[in-house]
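Following: one structure in structure tokens, then a few remarks.
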């Protein structure tokens, strides 16, 4: 929506399909996405966690499980993702 490549209705459909949201909730989220300047912060954090999960999965190979990732991630507490990455991956891999 911010780049002009997605209409409001496209965004509503996206939230319904990808977020499994009912239409009423999807409309609220699409409106929030266009009016709340902090919405990007939430999305960026989500994307960084998803990237960390994928990198952790590659590191752990056959022993990876979502439960293990979840437990290891939450065990870190609430530091910035960069620090969590360093702890969980043992390096300073770049974030997004």
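Under 6 Å between Cβ atoms, which residue pairs at least 6 apart in sequence (or on different chains) link something in the stretch 54-72 that is without any contact (Cβ under 8 Å) to a residue 40 or more places away in the chain with a partner that is surrounded by 10 or more Cβ atoms within 10 Å (Cβ to Cβ) and outside any helix (DSSP H, G or I)? Note: pairs meeting the criteria are 57/64. Out of all the residues in the stretch 31-44, which are surrounded by 13 or more Cβ atoms within 10 Å (Cβ to Cβ) and under 14 Å from the mean Cα position of the chain (by Cα)? Residues satisfying the conditions are 39, 44. Here residue 17 meets each of (1) surrounded by 13 or more Cβ atoms within 10 Å (Cβ to Cβ); (2) not assigned by TED's automatic domain parsing to the domain that holds residue 81 with one exception, condition (1).
Here's the yes/no breakdown for (1) over 26 Å from residue 1 (Cα atoms); (2) surrounded by 13 or more Cβ atoms within 10 Å (Cβ to Cβ); (3) out of contact with any helix residue (DSSP H, G or I) (no Cβ under 7 Å at 6 or more places or on another chain); (4) assigned by TED's automatic domain parsing to the domain that holds residue 15:
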site	(1), (2), (3), (4)
26	no, yes, no, yes
29	no, yes, no, yes
46	no, no, yes, no
49	no, yes, no, no
61	yes, no, yes, no
66	yes, no, yes, no
70	yes, no, yes, no
79	yes, no, yes, no
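The values are calculated or read from the model by the stated rules, or taken from the named source; none is laboratory data. These numbers come from a predicted model, not from an experiment. Every residue, glycine among them, receives a Cβ derived from its backbone with ideal geometry; neighbour counts consider all protein chains shown.
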